[in-house]
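As structure tokens, the structure follows; a few thoughts come after it.
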Amino acid sequence: MVPELDLNPPPRPARIDYGIGAVGAGFIMRDVQLKAYADASFNVAAITSRTPEIAHEVADLRGIPRVYDTLEEMLGDPSVEILDIAVPPDQQLAIVRQAVASAGHLKGILAQKPLAVNYAEAVEIVNLCERHGIALAVNQNMRYDQSIRALKALLERDALGTPVLATIEMRAVPHWQAWLRAYGRLTLLNMSIHHLDSFRYLFGDPESIFVSARKDPRTEFAHEDGICLYILEYADGLRASAWDDVWTGPRSDRDDLNPYIKWRVEGVGGIAEGTLGWPQYPNRTPSTLTYSTAAQPGVWVTPRWREVWFPDAFQGPMADLMNAIATRSAPATNGADNLGTMALIEAGYRSIREHRPVQVSEIR
């Protein structure tokens, strides 16, 4: 008998009327997060942006009742109980400092990933929220991709046995935002973070990481990591590896890039593989999963679903934060946990510079 497999969603919040204050009005907020929240009937009470005109446009588009010209004004609104920050990572620390200092009614913060440009700033953000009793979640949304949630359910049921090898292969050209030009850090911090965090979600924390990287010929601004290949070593022998190819060849926008992200997990008792639908956005392309177990050799199970990563999975981090606030517990993507992902990234950059495996314990 084939076991029933669902998408392992977070529980529906007991309360969905928490007032959300959106900080930022760019693509990820306008077209993804706010769309997901509207579909879930979440209460977005206000929005602010460094460009008020754009904030007004987004408010009109998404039916947000109040627009504030400044963050300070929005933090003074007692109906804003959750701050949803979607700005470049170098700006998040200053926003969190202002939020915890001036909004006594604030119950939670959902911060965009990466939480900061480096590990030290991420630690400061986590400490600030802990000292002020504010629940902090990080929008590591690939954890809520439907195929990754279903894979996690398989692993929790021990359907694949002890994991032996896990891989992710990405061949896709991300849109690098203009604000990345100042960082020097590119793929690991802004794209691979999805894959590194998902490996942690699925298998726990590795002992070490080795990264081999070269610059991306298409990206003209300065960066130390373009195409990234990396290996995570686990104490039990598991190896997790990814190829994050953000180059994919000398092609133009007119070429058919056929972008894709594939993953595969091999265990002693089964195998699972799948794809992520994100590279086809804005087309609604569901992620996929198919698996086979030693208990039923030759039988491949391929569940299907209608939901897609962008935007449907973005309900997950906010729903989980609402549950955490209501139950006075830590959200699944809480700030303290996310320091494990940020430390892994920091170790990855050290690995690039020193060309060696780096123990995560060297960072934390």
Scan D245, D205, D197, D216 and give me the residue that is crowded, with 16+ Cβ neighbours inside 10 Å, among the charged types (D, E, K, R) and out of contact with any helix residue (DSSP H, G or I) (no Cβ under 9 Å at 6 or more places or on another chain). D245
From W263, W305, which residue is outside any loop (DSSP other than H, G, I, E, B) and either in contact (Cβ under 8 Å) with a residue 24 or more places away in the chain or out of contact with any Ser or Thr (no Cβ under 7 Å at 6 or more places or on another chain) (or both)? W263
Those residues of the stretch 96-141 which are out of contact with any Gly (no Cβ under 8 Å at 6 or more places or on another chain), surrounded by fewer than 23 Cβ atoms within 10 Å (Cβ to Cβ) and assigned to a helix (DSSP H, G or I) amount to R97, Q98, V100, A101, Y119, A120, E121, V123, E124, N127, L128, R131
Criterion: touching a residue at least 12 places away in the same chain (Cβ under 8 Å) and within 24 Å of R264 (Cβ to Cβ) - qualifying residue of L189, L196: L196
Say whether the condition of being in contact (Cβ under 8 Å) with a residue 24 or more places away in the chain, among the β-branched types (V, I, T), surrounded by fewer than 20 Cβ atoms within 10 Å (Cβ to Cβ) and assigned by TED's automatic domain parsing to the domain that holds I148 is met by at least one residue in the stretch 278-288. yes
Residue in the stretch 300-314 that is within 23 Å of the chain's Cα centre (by Cα), surrounded by fewer than 16 Cβ atoms within 10 Å (Cβ to Cβ) and aromatic (F, W, Y) present: no
Considering every residue within the stretch 189-211, establish whether at least one is more than 21 Å from G340 (Cβ to Cβ) and modelled with pLDDT of 95 or more. no
Members of the stretch 8-45 found to be small (G, A, S), in a loop (DSSP other than H, G, I, E, B), in contact (Cβ under 8 Å) with a residue 60 or more places away in the chain and more than 21 Å from Y68 (Cα to Cα), listed by number: A14, A40
Report yes if some residue within the stretch 336-351 is assigned to a helix (DSSP H, G or I), in the same structural domain as I148 (by TED's automatic domain parsing), polar (S, T, N, Q) and modelled with pLDDT under 95; otherwise report no. no
Only one of (1) at pLDDT 95 or above; (2) out of contact with any Gly (no Cβ under 7 Å at 6 or more places or on another chain) is not met by D255, so which one is it? (1)
Go through S192, S147 for me and flag whichever is out of contact with any helix residue (DSSP H, G or I) (no Cβ under 9 Å at 6 or more places or on another chain), in the same structural domain as E233 (by TED's automatic domain parsing), within 20 Å of D244 (Cα to Cα) and part of a helix (DSSP H, G or I). S147
Count - residues of the stretch 204-233 that are touching a residue at least 24 places away in the same chain (Cβ under 8 Å) and outside any strand (DSSP E or B): 14
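The values are calculated or read from the model by the stated rules, or taken from the named source; none is laboratory data. Quick caveat: nothing in here was measured; it's all calculated off a predicted structure. With ideal geometry, Cβ positions are generated from the backbone for all residues, glycine too; neighbour counts draw on all protein chains shown.
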